[in-house]
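A.B. asks: What follows is a single structure, and I will ask about it in a moment.
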Amino acid sequence: MAKSRNTIPTQDISFKERLSALKNLPNFFKLVWQSSSSKTLISFTLRIFRSAMPVALLYVGKLIIDQVVALNTNSPTGNLQELWQLVALEFALALLTDGLNRMINLTDSLLGDLFSNYTSMRIMKHAATLDLDQFEDSVFYDKLERARQQTVGRTVLLSQVMSQVQDFISMAFLLTALIAFNPWLILLLLLAIIPSFLGESYFNSKNYALSRSQTPERRELDYLRYLGASDETAKEVKIFGLSDFIIARFKTLSDKFYNDNSKLAVRRSLWGTFFSVLGTLGYYAAYGFIIYETISGKSSVGSLTFLAGSFRQLSGLMETMLSRFTIVSQGAIYLNDFIDFFEIKPKITQNQNALPFPNPIKTGFVFENVGFQYRNTDRWANRNLSFTLKPGEKLALVGENGAGKTTLVKLLARLYDPTEGRILLDGKDLKEYELEGLRHNLGIIFQDYIRYQMTFYQNIAVGNIKEIENEELVKRAAIESLADKLALKFPDAYQQWLGRRFNDGVELSGGEWQKVALARAYMKDAQVLILDEPTAALDARAEYEVFQRFSELTKGKSAVLISHRFSTARLADRILVLENGTLLESGTHQELLKADGRYAELFNLQAKGYQ
């Protein structure tokens with residue numbers, strides 16, 4: 001396995017960059033509001049009430065202590081009834097504080113789940129609009145992976161930002177009391193807290209840079225977990241004895257992550273302890289000053305407790321807020337990854353006045369000097385392709401692996417756009433037609449079709465998901481692909497779960513899965529059927545039956561067959577022989593044999609295997 005791919009260099013984040021990242025928060029809260037406007041409003045309202053509780057409790061506590069002192073000294077200001085009323089009020093405020101905390105936690109939890117679900121759906125929806133070649137780019141996958149992480153990680157950011165607002169209001173109340181007593185206490189407070197804030201800010205930036213640099217390797221780590229313990233990979237892991245190799249690579253990566261993270265964690269802990277000592281010294285210096293003021297008679301015992309409590313809470317709030325600022329700003333920087341993903345735009349789009357797909361196709365498809373080049377490579381997958389696919393014509397593509405057959409089909413379906421040249425449909429560029437109409441009229445089954453861990457019924461219905469409720473169509477597609485016989489063997493018939501991932505799932509053979517995949521192609525009333533190695537996993541009898549049925553079902557329709565089996569290719573009206581992405585030969589089976597070229601060579605090589 002590769003050591004590292006597209007590693008992103010670590011870099012520190014300046015305070016200016018942190019402030020700049022806060023501009024992402026309005027977009028973030030827009031998403032939160034869209035997730036649930038009612039719960040967002042409830043959460044903010046509850047926090048406003050909660051923010052007044054600290055100063056209210058401290059002030060009532062001050063009044064209680066002053067009453068106790070007055071009663072003990074027989075002062076005329078002492079009032080026993082008022083004392084118990086104050087105790088009852090403090091008790092009520094304590095209950096209200098606890099209730100508000102629980103309601104806030106509940107609301108935040110529910111809102112966080114809704115936000116995570118909403119943003120996950122947004123990611124899936126946006127990903128569906130992007131081009132196929134973007135998914136084949138590792139840098140894109142890093143962005144996609146970080147965007148996925150934000151759907152869960154940003155629920156924490158949501159709570160932190162709201163807590164920041166709540167603490168800011170609480171701090172305003174407490175600061176008013178301290179300033180009224182002695183403004184110099186505020187300066188002492190700042191001197192005690194700022195070093196801690198700077199330390200937290202520094203280490204958070206280091207943590208962000210480290211986490212970002214590890215993204216490609218973390219994707220590899222997740223892939224190794226899958227390889228090492230998956231029903232789909234188990235047989236090859238056992239046969240090839242890959243377990244030790246996979247575990248060794250996993251250990252190398254995980255140890256590297258642990259070492260990098262632990263070094264940073266140890267440094268952070270040591271400096272955090274030092275800054276915590278500074279904060280404690282600052283608090284007790286202020287506490288001593290307040291005690292001195294009380295002893296000298298400048299303030300009451302109640303004021304002592306109120307001011308000491310206010311200073312302690314202010315110290316805690318300011319330290320929390322400053323530390324949280326680094327976390328919030330770091331979270332806002334992480335939002336760049338989330339926002340960047342949504343700024344990725346597809347290149348394959350349709351014109352505003354796109355043409356409807358012709359029904360029926362009149363003159364067919366024409367490839368005019370078409371070439372295609374994948375990202376990040378100088379090699380041409382296809383080059384100088386010029387041929388036609390007429391209405392009702394059966395075309396076979398043959399050639400060795402890597403000849404560009406599947407790429408050609410993807411160009412026909414506009415999963416890719418040509419790098420050079422153009423594809424015409426009924427005389428107009430394929431780019432001028434509606435994408436949805438084009439893909440609806442193409443029934444395609446690729447060689448690497450997905451084995452959906454869903455029901456047998458759903459596995460077929462995905463071929464035309466808009467018709468998922470059309471039971472008659474699904475069953476007809478199963479009959480046409482010869483997959484209907486499988487339903488008779490299943491205990492739950494069409495509702496049988498396929499695959500081993502879920503309870504009571506049934507695993508199919510390769511040939512059985514292929515029949516299910518073929519059924520998807522028959523779910524549409526497509527004008528063009530494209531089958532990429534449609535019978536590769538079928539035995540000879542099943543292959544013969546499938547093609548007999550295929551010939552009947554494609555009468556009057558165009559079809560493109562990709563096959564390594566010449567018994568399949570010879571059924572086509574015309575055969576295109578591809579080599580290194582270019583069109584080498586074209587003609588019927590007999591014409592190509594007579595030409596005694598590449599097709600004849602490959603045919604004879606395969607024929608010898610049956611002799």
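A short reminder: the numbers here are calculations on the coordinates, not readings from a lab. Please read these numbers as outputs of a predicted model, since none were measured by experiment. Here the Cβ is made from the backbone with ideal geometry for all residues, glycine too, and neighbour counts use every protein chain on show.
A.B. asks: If neighbour count is taken as other Cβ atoms inside 10 Å, put 301, 266, 32 in order from fewest to most.
C.D. replies: Ascending number of Cβ neighbours within 10 Å: 266, 301, 32.
A.B. asks: The stretch 412-495: Rg/Rh from Cα coordinates, Kirkwood Rh?
C.D. replies: 1.10
A.B. asks: Once you treat every alpha carbon in the stretch 374-419 as an equal point and sum by Debye, what is log10 I(q)/I(0) at q = 0.22, 0.24, 0.34 Å⁻¹?
C.D. replies: -0.91, -1.07, -1.45
A.B. asks: Also, quick follow-up: Using the Cβ atoms and a cut-off under 10 Å, what net charge is assigned to the surroundings of residue 301, where Lys and Arg are +1 and Asp and Glu are -1? Don't skip to the answer; put the middle values down first.
C.D. replies: Values: positive: 62; negative: 66.
Counting the neighbours of residue 301, the net charge comes to 0.
A.B. asks: So for the stretch 561-611, considering every pair of alpha-carbon atoms, how many percent are separated by more than 17 Å?
C.D. replies: 28
A.B. asks: Can you tell me the dipole magnitude for the stretch 449-525 around its Cα centre, using point charges on the Cβ only (Lys, Arg +1; Asp, Glu -1), in Debye to the nearest 20?
C.D. replies: With Lys and Arg at +1 and Asp and Glu at -1, about 260 debye.
A.B. asks: Which whole-number percent is the relative contact order of the stretch 449-525 (Cα, under 8 Å, 6+ apart)?
C.D. replies: Relative contact order here is 45 percent.
A.B. asks: How big is the Kirkwood radius of the stretch 34-178, worked out from every pair of different alpha carbons and given in Å to one decimal?
C.D. replies: 19.0
A.B. asks: Now for a different question. Can you tell me which of 515-527, 114-126, 558-570 comes out highest on packing, and rank the rest after it, using the mean Cβ neighbours within 10 Å?
C.D. replies: Working: 515-527: 23.0, 114-126: 16.2, 558-570: 21.2.
Per-residue mean Cβ counts within 10 Å order the peptides as 515-527, 558-570, 114-126.
A.B. asks: Based on the Kirkwood radius over alpha-carbon pairs, what value in µm²/s does the Stokes-Einstein equation return for the translational diffusion coefficient of the stretch 449-525 at 25 °C and 0.890 mPa s?
C.D. replies: It diffuses with D of about 205 µm²/s by this estimate.
A.B. asks: Could you please rank 97, 349, placing first whichever residue has the fewest other Cβ atoms within 10 Å of its Cβ?
C.D. replies: Sorted ascending by nearby Cβ count, the order is 349, 97.
A.B. asks: Sort 422-432, 84-94, 44-54 for me by packing, meaning the mean count of neighbouring Cβ atoms within 10 Å per residue, highest on top. Before the final figure, lay out each step's value.
C.D. replies: Details: 422-432: 15.8, 84-94: 14.2, 44-54: 17.6.
Highest mean packing first, the order is 44-54, 422-432, 84-94.
A.B. asks: On to the next question. Can you sort 355, 224 from fewest to most other Cβ atoms within 10 Å of each residue's own Cβ?
C.D. replies: Lowest count first: 355, 224.
A.B. asks: With 25 Å as the limit, write out which pairs from 125/362; 475/557; 431/515; 347/428; 125/405; 143/431 have Cα-Cα distances beyond it, or answer none. Present the calculation step by step, with values, prior to reporting the outcome.
C.D. replies: Working: 125/362 34 Å; 475/557 21 Å; 431/515 32 Å; 347/428 19 Å; 125/405 30 Å; 143/431 28 Å.
Result: 125/362; 431/515; 125/405; 143/431 exceed 25 Å.
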